[in-house]
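Take a look at the structure below.
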Ligand code: G3I
């Protein structure tokens, strides 16, 4: 990577929040804001998205729709710092069809509109999963009172209706999420049981492709970063999908990292999947560590832990930068208050996993990522913003 001084002059610093232009010209070229057309979307030249633009790498975030719009700081950061957004929850089946036969697209539509206003691409998450299913379908993802034939018809309709609803608005779809267990065996979900195997995955990709041929279709999972039974099983499986000409475009590496487990063999794993002729993406990155008991769940117990976290964030980003086919880098949210980690890992307590603290102030981890992106701009290696779209 060529190390070059950061020379920024072309991007200015106004951002459109639901149509309202906010000026923030601290790092903008003088006069740029006044000269720009009123509809232009502008953001700070040293924002993560601006730095990512310079190397054609989309920097994304998961978005909590309970905060977007109502929380001013949260909304401003979402618009200014990120060039891609992923709904953290509102495109999941449980939320789009809580009552059988009645769709509620409103929160997801609001995110898509926000993304358009702010010139962001959308990662659709997720069409086929065993978790967060509506209770009328399954309460645990593994058991159901519905017949196999009903399940097959329901999944087909769900994939087709949802992809059609958002046709043209989604950059990457996570078509199937987390179909394998850590031991590399297929997860015995309601879908696996209904099909009597993994055939539901090829079907889902085909239905999604028919409904929106331009969307990039991804398989998405966690722990693919570590070479081992799960990563190997998914690798073998997607290789088979490619051989069968199933319309799969990419593999998402979630990247839920933890300082206690060591940094994974991420770059090599991204590269071997890319070598199958696939795009890859880091889709849900966070770096958790041991933290204090409530209410200080985002205060590391070890004062040195943030240094390890900085290193993990930096290496996770650099792994993506080093693999040409890695088209987006997406942290799973940006404020520790809104992270899923403290609620999920509470014995022992873990947290402090994101780039912004509980007051939505950037942490040292943010500045490390910002610096890495700035330095990477000295070595352009991509085709420009939104490479692969
Ligand atoms: O919306 C209800 C609310 O009405 C209710 O009062 C409250 C009570 O618990 O629950 C709310 O729903 C919660 C939902 O998030 C929205 O906040 C669910 O309980 C909670 O389980 C759900 O957690 C989400 C989790 O997926 C579910 O598995 C997290 O926010 C979300 O970050 C997490 O994201 C997943 C990715 O989709 C896939 N990869 C792993 C990642 C982390 O688990």
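The values are calculated or read from the model by the stated rules, or taken from the named source; none is laboratory data. All figures in this text were calculated on a predicted structure; none of them were measured in a lab. Every residue, glycine as well, gets a Cβ built from its backbone with ideal geometry; the counts of neighbours run over all protein chains shown.
Take residue 219 and tell me if it is assigned to a strand (DSSP E or B) and more than 30 Å from residue 301 (Cβ to Cβ). Explain how you work it out, then say what you get.
Working: assigned to a strand (DSSP E or B): yes; more than 30 Å from residue 301 (Cβ to Cβ): yes.
Taking the combined requirement at face value, the residue satisfies it.
Taking region 242-274 as the range and being in contact with a helix residue (DSSP H, G or I) (Cβ under 7 Å, 6 or more places away or on another chain), within 19 Å of residue 122 (Cα to Cα) and within 16 Å of the ligand (Cβ to nearest atom) as the test, the residues that pass are 251, 253, 255. Filtering region 215-233 to residues that are more than 14 Å from the ligand (Cβ to nearest atom) and under 19 Å from the mean Cα position of the chain (by Cα) leaves 215, 216, 217, 226, 231. Reported count of residues in region 333-357, each being more than 14 Å from residue 292 (Cα to Cα) and away from the ligand (no atom under 13 Å from the Cβ), is 3. Only one of the numbered conditions (1) outside any loop (DSSP other than H, G, I, E, B); (2) touching a residue at least 12 places away in the same chain (Cβ under 8 Å); (3) away from the ligand (no atom under 16 Å from the Cβ) is violated by residue 328, and that is (3). For residue 277, indicate whether it is farther than 28 Å from residue 78 by Cβ, part of a loop (DSSP other than H, G, I, E, B) and either within 16 Å of the ligand (Cβ to nearest atom) or out of contact with any strand residue (DSSP E or B) (no Cβ under 7 Å at 6 or more places or on another chain) (or both). It is true that residue 277 is farther than 28 Å from residue 78 by Cβ, part of a loop (DSSP other than H, G, I, E, B) and either within 16 Å of the ligand (Cβ to nearest atom) or out of contact with any strand residue (DSSP E or B) (no Cβ under 7 Å at 6 or more places or on another chain) (or both).
Conditions (1) more than 24 Å from residue 324 (Cα to Cα); (2) surrounded by fewer than 16 Cβ atoms within 10 Å (Cβ to Cβ), marked per residue:
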{"position": "155", "(1), (2)": "yes, no"}
{"position": "208", "(1), (2)": "yes, no"}
{"position": "218", "(1), (2)": "no, no"}
{"position": "221", "(1), (2)": "no, no"}
{"position": "229", "(1), (2)": "yes, yes"}
{"position": "255", "(1), (2)": "no, no"}
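Of all the criteria given as (1) closer than 29 Å to residue 234 by Cβ; (2) surrounded by 16 or more Cβ atoms within 10 Å (Cβ to Cβ), the one not satisfied by residue 337 is (1).
Taking the criterion of being more than 12 Å from the ligand (Cβ to nearest atom), part of a loop (DSSP other than H, G, I, E, B) and either under 29 Å from residue 128 (Cβ atoms) or within 16 Å of the chain's Cα centre (by Cα) (or both), the residues of region 40-68 that qualify are 57, 68. Evaluated against (1) under 18 Å from residue 258 (Cβ atoms); (2) outside any helix (DSSP H, G or I), residue 312 falls short on exactly one condition, (2). Residue 80 falls short on exactly one of the conditions (1) at pLDDT below 95; (2) under 22 Å from residue 356 (Cβ atoms), and that condition is (1).
Could you check region 167-186 and list, in sequence order, the residues that are crowded, with 17+ Cβ neighbours inside 10 Å and either touching a residue at least 60 places away in the same chain (Cβ under 8 Å) or closer than 20 Å to residue 138 by Cα (or both)?
171, 172, 174, 175, 176, 177, 178, 179, 180
So residue 302 passes all but one of these: (1) outside any loop (DSSP other than H, G, I, E, B); (2) surrounded by fewer than 17 Cβ atoms within 10 Å (Cβ to Cβ). Which condition number does it fail? Among (1) outside any loop (DSSP other than H, G, I, E, B); (2) surrounded by fewer than 17 Cβ atoms within 10 Å (Cβ to Cβ), the lone unmet condition for residue 302 is (1).
Given the structure, is residue 287 under 30 Å from residue 146 (Cβ atoms) and surrounded by 20 or more Cβ atoms within 10 Å (Cβ to Cβ)? Lay out the reasoning, then the answer.
Numbers: under 30 Å from residue 146 (Cβ atoms): no; surrounded by 20 or more Cβ atoms within 10 Å (Cβ to Cβ): yes.
Spelling it out, it is not the case that residue 287 is under 30 Å from residue 146 (Cβ atoms) and surrounded by 20 or more Cβ atoms within 10 Å (Cβ to Cβ).
For region 190-204, the candidate set comprises residues that are touching a strand residue (DSSP E or B) at 6+ places or on another chain (Cβ under 9 Å) and under 13 Å from residue 155 (Cα atoms); within that set, the residue that is surrounded by the fewest Cβ atoms within 10 Å (Cβ to Cβ) is 192. Screening region 69-85 for residues that are outside any strand (DSSP E or B) and within 14 Å of residue 329 (Cα to Cα) and picking the one that is farthest from the chain's Cα centre (by Cα) gives 81.
Residue check: is residue 238 away from the ligand (no atom under 16 Å from the Cβ) and part of a helix (DSSP H, G or I)? Write out each step before concluding.
Details: away from the ligand (no atom under 16 Å from the Cβ): yes; part of a helix (DSSP H, G or I): yes.
Yes; evaluated as a whole, the condition is true for this residue.
With the condition being away from the ligand (no atom under 13 Å from the Cβ) and in contact with a helix residue (DSSP H, G or I) (Cβ under 6 Å, 6 or more places away or on another chain), I'd like the helices (runs of 4 or more DSSP H) fully within region 92-198 carrying at least 2 qualifying residues. Even if it seems obvious, please write down each step before you answer.
Details: elements: 93-96, 106-117, 148-165, 190-195.
Filter on region 92-198 gives 148-165, 190-195.
Name the single residue, out of those in region 243-272 being in a strand (DSSP E or B) and closer than 20 Å to residue 309 by Cβ, that is farthest from the chain's Cα centre (by Cα).
Filtering region 243-272 down to residues in a strand (DSSP E or B) leaves 250-253, 256-258.
Those left that are additionally closer than 20 Å to residue 309 by Cβ: 253, 256-258.
Values: 253: 9, 256: 11, 257: 14, 258: 17 Å.
Ranking the qualifying residues of region 243-272, first place goes to 258.
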